[in-house]
Amino acid sequence: MQEQSTSTPILGGHDNVSGPGPEIMASDTLEGDTVVNLTGETLGKIRDIMIDVPSGRVAYAVMSVGGVMGIGDKLFAVPWNALVLDADNHCFVLDVSKERLKDAPGFDKEHWPELADARFATSVYEYYGTPPYWH
């Protein structure tokens, strides 16, 4: 079995010579970016980027799906390494169908999961088939 990377691949955007990016960017420039799947269907938007403070690494992105203006949306913890940044199109690509996403570990904004709980975090990374960032 081929070992997968724990980093996030970047497509395009390497011609930018007038500032940071796409390798180093402020998290708020990525929040609100659309997430699409491999067929180009919109899955949701990046709501938050969560940092594992002790390690200084990105633990996961919170993707918001559905709802209107943040009301009624469902949130998903998506491993950072499951996303591909498409810098040219200002979006992220996630290799998951809309149908499969329906069964992904999700939560609502009033009941966030405890991602520091190794069991929950492991289940999220296993669902998306990516190695945990802490390994």
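The values are calculated or read from the model by the stated rules, or taken from the named source; none is laboratory data. Predicted model, so just to flag it, every value in this text is computed and none were measured. Heads up, the Cβs are rebuilt from the backbone with ideal geometry, glycines too, and the neighbour counts pull from every protein chain shown.
Things worth noting here:
- Checked across segment 43-63, the condition of being out of contact with any helix residue (DSSP H, G or I) (no Cβ under 8 Å at 6 or more places or on another chain), at pLDDT 90 or above, outside any strand (DSSP E or B) and surrounded by 12 or more Cβ atoms within 10 Å (Cβ to Cβ) holds for no residue.
- The residue of segment 87-121 that is modelled with the highest pLDDT, among those that are part of a helix (DSSP H, G or I) and of a type in the set (A, V, I, L, M), is L101.
- If you go through segment 88-135 and pick out every residue that is of a type in the set (A, V, I, L, M) and exposed (fewer than 14 other Cβ atoms within 10 Å of the Cβ), you end up with 2.
- Any pair with Cβ under 7 angstrom, 6 or more apart, that starts in segment 83-101 at a residue that is among the charged types (D, E, K, R) and ends at one that is surrounded by 18 or more Cβ atoms within 10 Å (Cβ to Cβ) and not in a loop (DSSP other than H, G, I, E, B): D86/F92; D86/V93; K98/L43
- Tally, over segment 36-69, of residues that are hydroxyl-bearing (S, T, Y) and within 18 Å of G106 (Cα to Cα): 3
- Figure legend. Inter-residue proximity from segment 50-73: first residues over 14 Å from E114 (Cα atoms), second residues of a type in the set (G, A, S) and modelled with pLDDT of 90 or more, beta-carbon distance below 6 Å, spacing 6+ or different chains. Indicated pairs: M63/G44; S64/G44; V65/G44; D73/S64.
- In segment 70-87, the residues that are surrounded by 13 or more Cβ atoms within 10 Å (Cβ to Cβ) and not hydrophobic (A, V, I, L, M, F, W, C): D73, K74, P79, N81, D86
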